[in-house]
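Here the structure comes first, spelled out in structure tokens, and everything after it is commentary.
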Amino acid sequence: MTRFVWKILSLKNKKILVLGGTRFFGREVVIQLLSTGHQVTVSSRNPQNCPKGALMVAGERAECLKMLRG
């Protein structure tokens with residue numbers, strides 16, 4: 001993993017948004033973040049593959065970000 005990802009994993013109890021966290025690399029990042037105690041929200045068009053324990057926001061990226069802003 002990149003230095004950036006390792007730095008995030010070293011933080012404690014953060015709320016993190018992952019765009020596209022249901023496939024390949026993104027899914028693994030979400031799993032690692034959850035295992036280190038972070039609250040993870042996943043924004044993806046593919047809600048079926050969301051890792052257990054993450055909050056899922058399904059839809060197109062622009063729609064999801066608009067909804068999360070409130």
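Would you work out which of Phe24, Ser10, Leu34 lies farthest towards the positive end of the dipole of the chain, given +1 charges on the beta-carbon of Lys and Arg and -1 on that of Asp and Glu, about the Cα centre? The Cα lying farthest towards the positive end belongs to Ser10. Compared with the alpha-carbon gap, the fully stretched path from Glu28 to Arg45 is longer by 4.4 nm at 0.36 nm per residue.
Under the convention that each Lys and Arg Cβ holds +1 and each Asp and Glu Cβ holds -1, the size of the dipole of the chain around its Cα centre is about 200 debye. Computed from backbone phi with θ = phi - 60° and the Karplus coefficients 6.51, -1.76 and 1.60, the 3J(HN,Hα) list for the range 35-41 is 5, 9, x, 7, 8, 10, 10 Hz; x is used for glycine and proline. In the set (i) 4.5; (ii) 8.4; (iii) 5.5, the label that goes with mean projected area of the Cα convex hull in nm² computed for this structure is (i).
Laboratory data are not the source of any read-out in this text; all were calculated from the coordinates shown. Quantities reported herein were computed from a predicted structural model and do not represent experimental measurements. Positions of Cβ are backbone-derived with ideal geometry, glycine not excepted, and every protein chain shown enters the neighbour counts.
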